[in-house]
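Have a look at the structure below, then the notes.
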Amino acid sequence: MELQLGLALPTSNNKSNNRLNFGNDNNDVGSYTNDEVIVQSWLPVANNGGGTECSAVNSRKRRRFIESFEDDHIPINLKTLPLLQLAGGSDDNDDNCSVVLNKIETEDEEEGDDNDGEGIVGWPPISFRRKKKKKMWNHRDQLMMMMIVDGSSPSSEECGEGPTSMYVKVTMDGIGIGRKVDLAVHDSFPSLRRQLFAMFGLPEENPWDGGAGAGEYQLTYQDSEGDWLLADDISWRSFMGSVQRLRLMRSSSSSGSS
Amino acid sequence: MDRSPKRRSISPDDATRFPDEVLERVLALLDSPKDRSAVSLVCKDWYSAESWSRRHVFIGNCYSVSPEIVARRFPRIRSVTLKGKPRFSDFNLVPDNWGADVHSWLLVFASEYPFLEELRLKRMRVTDESLEFLALNFPNFRALSLLSCDGFSTGGLASVATHCKNLTELDIQENGIDDFGGEWLSCFPDNFNTLEVLNFSHLNTDVNPDVLERLVSRCRSLKVLKVNRSISLDCLQRLLVSAPQLTELGAGSFSQELTPRQHADLEHAFGLCKNLSVLTGLWEATAMNLSAVYPACSRLSFLNLSYTALQSQELASLLPHCPCLRRLWVLDSVGDKGLEAVGANCPSLEEIRVFPADPFDEDMINAVTESGIVAVSQGCPKLHYILYFCRQMTNAAVATVVRNCPDFTHFRLCIMNPGQPDHTTNQPMDEAFGSVVKTCKKLQRLSVSGLLTDLTFKYIGKYAKNMETLSVAFAGSSDLGMQYVMEGCSKLRKLEIRDCPFGNAALLSGLEKYESMRSLWMSACNVTMNGCRVLAREMPRLNVEVMKEEGSDDCKADKVYVYRTVAGPRRDAPPSVLTVSSL
């Protein structure tokens, strides 16, 4: 897991920390609890010397300062990040764009709850109305996929016509660049695994037999509620209905918490 | 009923003066609100004539004036444009019940403008009750446009379809709408045929394709059709065959797998559309399907590909078919290579917007960098509008861009990590925006991002003399930053600031400026209630509103919204919105 610099938005891995304990291998200041990670200062810190600094070190120090002294003078945006809500392009012109959002994790959308996932309210500045629509359409696409996988034909009233592709992101531990895979062309885990092997250049016989702890890599996926789960714990059909993204995790870094 | 402004009758002594009627006829030819404002200041006669001849009124902030005042000033309005909530409501920074309800306006319009024909609303609250009221009380009503509004459902649309006999325009964009199904479309009567503009692209649920096809085939004047994702490619093909006169098309879902025959039919249908200048929609378009639109692209001036995550090659294949392209919107999935293709193929390009396909994904490959924007600027010297979301930028790249394209009017750069410096030099991005404001004399709108010190604002204050709108987030070092802007930017009308270290001194430095501005927004800055009170005391014709957040310090002013008004303090503010008085 990447170092959470004060400048960077936390990645979606934040949410999953508690579950699979990815660990903070690259973090040279030790591991954070979730609370520590997500509280960050975004403001450049004005020095008396006139320059500005905005660094992870500052934010970490600042957080611990708060914990110790509950200082009232900390700038107001240093608070537990509410869940971030994503939105679409807003401007004064007619045809606003709809951002194609890839499977952004969402919590229950309560009224007044501005965010889901991690991040800052309203940042990046893209209109929030898109996310709701995108979420609805993803669910619909997945519904259709389930029906196709099931063998029944979707009624055109329910699902529109024709199958859709279902691309999800795949990342693999140790490889900096993620890929995308179309789940719609697969009908089982072995089939999916074969493609993933080919994609990431893993030899067939090597790291994976699908069992927990047995191979070097485990296939995990993030479901529609944002939780990271082991892919083999459920049926293919349920998997297709809820998968948002995939991650090939090194088994050695898993501590089996779940 | 005696209405001001009074009308003068002609007397013999006035033989050398223009009769009002003639003056009104002449002034009726004026369209621009700015021209009309200028005209109305010449003398009383001209003020009066202009008021009588005005048919369209644009109200940029619905709380800056009351409907009664508007009706008194302009007695013969046929068309109203109203904007409500502050722009940051798009990013969830404004509570849902904030206000901007259109109903009180409709009540006044029903008695003062019974012949109202057009209503265009942006960021207003609109209920089904209001839509029904509108449909029932304005017999000449023709055009309804709702952009980023909320509070209504498809039930409201059904009322409009049912009762507005002369409807020519129904334009529903990007709203927070409760979608209860597509039956509203069936509410247009069977003999209804006047529609010229139909846009329901952002509604979620299915409409009946047969109903839509019948509607389109009998509306021979239909010029703009933007459908939602539920419309299949087969249906789209039939719609195009039936309406080849379209000038603007929003296609629906574009991911369906087509047989070769279907593809040929679709391509043929697009080929019939000789007048298409705007193409949008194209959700989740596959490369194969995209090729079907090529025959319709020869006159295309605006192409919106921001609903589909195209790869660079797909864009590179499409662009050569669009030689007249002036405006292009894409997702950053096209990458720098895609933008190079833009630079190579679009010599007439004036506007480009690049949106993030996946804003929260830091592992994103193929996202755009500073190279992409430079490539576009090299190939498109006429570029004057840019909106660019990216994850890295350099000062040098921005300087190159504005050197290539010095005519920018709108420069909106969003480096998505707040406070991120130039990634090659690790310096702040001050010089980037410095080069923008120094070079682009015509700059009207600027959005800044990245690591910025007060120096950026010093540059802005010194050079951005035509700038009207400025958006700032996570920037600046001290009050000085905002002061530079307030003191230097003489044409500033809208200023929106979030998460910056600007406090009361900064707020009050603009004291004399706010009455010449539409509004100021400051959230998560260092402004306190006391500062707001001072502002309210010194400037009684401003509304100074504070939105408090739960659990925040009593003296902090979390979100401040300041705007000029002749209507006094709001009477419909919810409890979370305080109008600060000088007490």
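The values are calculated or read from the model by the stated rules, or taken from the named source; none is laboratory data. Quick caveat: nothing in here was measured; it's all calculated off a predicted structure. FYI the Cβ positions are ideal-geometry reconstructions off the backbone, even for glycines, and counts take in every protein chain you see. In case anyone asks, the SASA skips ligands and DNA or RNA and just uses the protein heavy atoms, side chains included. Shrake-Rupley method; radii C 1.70, N 1.55, O 1.52, S 1.80 Å.
Here is how the numbers come out for the structure above:
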| read-out | value |
| --- | --- |
| Residues of region B:443-470 that turn out to be open to solvent by less than 10 Å² (accessible area, probe 1.4 Å) and either within 14 Å of another protein chain (Cβ to nearest Cβ) or among the basic types (Lys, Arg) (or both), as a count | 8 |
| Failed item in (1) within 14 Å of chain A (Cβ to nearest Cβ); (2) open to solvent by less than 40 Å² (accessible area, probe 1.4 Å); (3) of a type outside the set (Asp, Glu), with B:Pro209 passing the rest | (2) |
| Test for B:Val216: is it β-branched (Val, Ile, Thr), under 28 Å from B:Ser89 (Cβ atoms) and not in a strand (DSSP E or B) | no |
| Residues of region B:173-203 classified as among the charged types (D, E, K, R) and under 19 Å from B:Ala243 (Cα atoms), total | 2 |
| From the options B:Pro295, B:Pro244, B:Pro189, residue that is farther than 26 Å from B:Leu147 by Cβ, more than 14 Å from chain A (Cβ to nearest Cβ) and crowded, with 17+ Cβ neighbours inside 10 Å | B:Pro295 |
| Single unsatisfied condition, B:Gly151 versus (1) at pLDDT 95 or above; (2) open to solvent by 10 Å² or more (accessible area, probe 1.4 Å) | (1) |
| Odd one out for B:Ala344, checked against (1) open to solvent by 20 Å² or more (accessible area, probe 1.4 Å); (2) under 27 Å from the mean Cα position of the chain (by Cα) | (2) |
| Verdict on B:Leu41 being open to solvent by 70 Å² or more (accessible area, probe 1.4 Å) and either farther than 29 Å from B:Glu174 by Cβ or away from chain A (no Cβ under 14 Å) (or both) | yes |
| Residue that is most open to solvent (accessible area, probe 1.4 Å) [pool: residues in region B:487-511 that are charged (D, E, K, R) and outside any loop (DSSP other than H, G, I, E, B)] | B:Glu487 |
| Yes/no for B:Ser306 being surrounded by 24 or more Cβ atoms within 10 Å (Cβ to Cβ), in a loop (DSSP other than H, G, I, E, B) and small (Gly, Ala, Ser) | yes |
| Top-ranked residue in region B:327-354 [being assigned to a helix (DSSP H, G or I) and within 14 Å of chain A (Cβ to nearest Cβ); ranked as nearest to B:Gln313 (Cα to Cα)] | B:Val334 |
| Some residue of region B:404-421 being touching a residue at least 24 places away in the same chain (Cβ under 8 Å), acidic (Asp, Glu) and part of a helix (DSSP H, G or I) | no |
| Hits in region B:90-124 (condition: within 30 Å of B:Leu578 (Cβ to Cβ), within 14 Å of chain A (Cβ to nearest Cβ) and in a strand (DSSP E or B)) | B:Leu121, B:Lys122 |
| Residues located in region B:75-96, provided they are closer than 15 Å to B:Phe115 by Cα and open to solvent by less than 20 Å² (accessible area, probe 1.4 Å) | B:Pro75, B:Ile77, B:Ser79, B:Val80 |
| Residue within region B:321-328 that is over 24 Å from B:Phe408 (Cβ atoms) and modelled with pLDDT of 95 or more present | yes |
| Test set (1) more than 10 Å from chain A (Cβ to nearest Cβ); (2) touching a Gly at 6+ places or on another chain (Cβ under 8 Å); (3) over 26 Å from B:Arg125 (Cβ atoms) - B:Trp184 fails condition number | (3) |
| Filter result (aliphatic (A, V, I, L, M) and within 21 Å of the chain's Cα centre (by Cα)) within region B:66-104 | B:Val80, B:Leu82, B:Leu93, B:Val94, B:Ala100, B:Val102 |
